[in-house]
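The values are calculated or read from the model by the stated rules, or taken from the named source; none is laboratory data. A quick note: this is a predicted structure, and the numbers were derived from the prediction, not measured. Cβ sites come from the backbone with ideal geometry, for glycine too, and all protein chains shown count toward neighbours.
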Amino acid sequence: MISGKINLFVLIMVLFFRLIAFLEGLSYLLLVAAAIYKRTHGNEYFVKLLGMPHGILFVLYIILAIVLKPHYKWDLKTFGTVLIASVLPFGTFYIEKKYL
């Protein structure tokens, strides 16, 4: 029974990681759009609004990648790719489709 609980926990973590990967990517794109809007219109409201949620999602993405690395059996190159993708536009979408 303990094995079943561990498998359920890992499944929940994997699903949560996929959700966070999607939301982090989406928040990154929205933050880039907000930064462009700020530069063109001089209004930083949207940057302030989106900055904190994006930061929280970014940190969660990194923590979950570290926690789930043994489950996915990622080698150092793959793990590095997963981490680097968090700072590239559309990177987390690619990771979600290819590695998760």
Which of the following residues is within 12 Å of the chain's Cα centre (by Cα) and of a type in the set (A, V, I, L, M): Leu60, Leu49? Leu60
In segment 42-67, anything more than 14 Å from Leu30 (Cα to Cα) and out of contact with any helix residue (DSSP H, G or I) (no Cβ under 6 Å at 6 or more places or on another chain) is listed as Gly42, Asn43, Ile56, Val59, Ile62, Ile63, Ile66, Val67
Return the pair list, or none, for Cβ contacts closer than 8 Å from residues in segment 14-29 that are in contact (Cβ under 8 Å) with a residue 24 or more places away in the chain and more than 21 Å from Leu49 (Cβ to Cβ) to residues that are assigned to a helix (DSSP H, G or I) and charged (D, E, K, R), at least 6 apart or on different chains. Arg18/Glu96; Ala21/Glu96
Matching entry among Thr40, Thr81 (being hydroxyl-bearing (Ser, Thr, Tyr), surrounded by 13 or more Cβ atoms within 10 Å (Cβ to Cβ), assigned to a helix (DSSP H, G or I) and at pLDDT below 95): Thr81
